[in-house]
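A short worksheet on the structure shown next.
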Amino acid sequence: MAWLVRNVPAVQEAALKGTLALGTMDSWVLFSLSEERAFATEPSNASRTQLFDIRERTWSQELCSAFGVPVTALAQVRASDSVFGHTTAGGFFSEPIPICGMLGDSQAALMGQGCLEPGQVKATYGTGSSIMMQIGAVPATSQAGLVTSMGWEFDGQVSYVLEGNINYTGAVVSWMKDDARLIGDPGDAEVCARRANPADSAYFVPAFTGLGAPYWDDSATGLLTGVTRTTGHDEIVKACLESIAYQIGDVVDAMRRDTGLDVAELRVDGGPTANAYLMQFQADVSTANVSVSSVAELSAAGAAYVAGHAAGVYDTNAIFRQIERTTYEPSMDERRREVLLAGWRAAIKQAMCR
């Protein structure tokens, strides 16, 4: 937005005239879809702009001035379960229907996982990963490398979240297949990991473009370390796969330190959750039950849930009661777990010192 205001003459002219409208993708879709040409957003999307005061829940004049963005050009912020407008979907419907419910991607996945109570956590295994904890109505400042953001304003209540974003999780599997040619298919990773020597001491740190939460080190580089004579093809694949679980476990531990809340369950979604070896290892290193949702597109489900509830189509728990889950419980010996985590921490230090 700041770049547009500084560099595009038409934008500068509109700003001077007071006719400029700057919004995130949700605002553009709403504007394009609604009969009223509504120009609005909601807290989870507004907070992603860095122009929104998450405590006052309004656009920050101070931040807008710092970025050079006219506050008058920004969308109206409404509750996430508002009726934002009405649409015929370009004439598809004979009568306009309400557009009710809007959420940002990660927050929608949190909603889709049914994480409505403080302390509930979800992790999405995509190219990278967003790990998000519902923390309730009071924002908490992280001391452990996490970000505080808006969750939503839903049912008359505001919810905040702690979030940690990891650069490479599911993309590690893609890298093994497409670049390193270690596997021919994503499913091969589980086969190799189960076949590998469980006593092998190799670790892989996928810091291809630095490390995200909770380390935030752009200069870190990836490495394979702890290689011994027992380390072969399968052991390297196992180390790559386990790096996904270690990274997510680091963020979960940071959440525990920040909030003092016990994370007894981690609700997960995304393609890599089909890997049973990875899910069990995730449960073991995180000391939490890992609950895999049967719903593949949880961001869409979360937004649909907000819309359906806002429209009075169903009650609060209707969708969540229908979701089936596969649960993996921690089963690793505590001493073994501590040994593995100590090796991972040493590997992280190596990656950050290069």
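The values are calculated or read from the model by the stated rules, or taken from the named source; none is laboratory data. From a predicted model like this one, the values you see are computed outputs, not experimental measurements. Methodologically, a virtual Cβ is constructed for each residue, glycine included, from the backbone with ideal geometry; neighbour enumeration extends over all protein chains shown.
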Check your understanding: Residues that are within 24 Å of GLY308 (Cα to Cα) and assigned by TED's automatic domain parsing to the domain that holds SER299: which helices (runs of 4 or more DSSP H) entirely in segment 1-108 hold 1 or more of them?
Key -> none
Exercise for review: Filter segment 130-182 down to residues that are surrounded by 21 or more Cβ atoms within 10 Å (Cβ to Cβ) and over 27 Å from VAL263 (Cβ atoms), then give me how many there are.
Suggested key: 1
Revision key, fill the gap. Across segment 30-41, the tally of residues that are surrounded by 14 or more Cβ atoms within 10 Å (Cβ to Cβ) and out of contact with any Asp or Glu (no Cβ under 7 Å at 6 or more places or on another chain) stands at 8
Practice item. Scan segment 108-137 for residues that are at pLDDT 95 or above and polar (S, T, N, Q) and report the count. Key: 2
Review point. Yes or no: GLY85 more than 22 Å from TRP152 (Cβ to Cβ) and surrounded by fewer than 21 Cβ atoms within 10 Å (Cβ to Cβ)?
Key: no
Check your understanding: Can you tell which of VAL251, VAL295 is out of contact with any Ser or Thr (no Cβ under 7 Å at 6 or more places or on another chain), among the β-branched types (Val, Ile, Thr) and modelled with pLDDT of 95 or more?
Key -> VAL251
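Going through ALA311, ALA239, ALA283, ALA245 one at a time, which residue ends up being within 22 Å of GLY151 (Cβ to Cβ), of a type in the set (Gly, Ala, Ser) and touching a residue at least 12 places away in the same chain (Cβ under 8 Å)?
Criteria check complete, one pass: ALA311.
Any idea which of GLU265, GLU329 is under 17 Å from GLU242 (Cα atoms) and among the charged types (D, E, K, R)? Explain how you work it out, then say what you get.
Numbers: GLU265 fails: under 17 Å from GLU242 (Cα atoms).
From the options GLU265, GLU329, the qualifying one is GLU329.
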Practice item. With the condition kept exactly as written, say whether any residue in segment 277-291 is more than 30 Å from ASP155 (Cβ to Cβ), touching a Leu at 6+ places or on another chain (Cβ under 6 Å) and of a type in the set (A, V, I, L, M, F, W, C). Key: yes
Study note, to complete from the structure: Selection from segment 88-124 of residues of a type in the set (Ser, Thr, Tyr), in contact (Cβ under 8 Å) with a residue 24 or more places away in the chain and surrounded by fewer than 20 Cβ atoms within 10 Å (Cβ to Cβ) yields THR88
Check your understanding: If you go through segment 245-258, how many residues are surrounded by fewer than 20 Cβ atoms within 10 Å (Cβ to Cβ) and either closer than 14 Å to ALA123 by Cα or touching a Gly at 6+ places or on another chain (Cβ under 7 Å) (or both)?
Key -> 1
Exercise for review: Go through segment 266-278 and count every residue that is in contact with a strand residue (DSSP E or B) (Cβ under 8 Å, 6 or more places away or on another chain), crowded, with 22+ Cβ neighbours inside 10 Å and under 14 Å from VAL191 (Cα atoms).
Suggested key: 1
Exercise for review: Would you please list the contacts, defined by Cβ atoms under 6 Å and residues six or more apart or on different chains, that run from a residue in segment 8-37 that is within 20 Å of GLN50 (Cα to Cα) to a residue that is assigned to a loop (DSSP other than H, G, I, E, B)?
Suggested key: ALA15/PRO70; ALA21/PHE39; LEU22/MET1; GLY23/ALA75; ASP26/MET102; SER27/ALA75
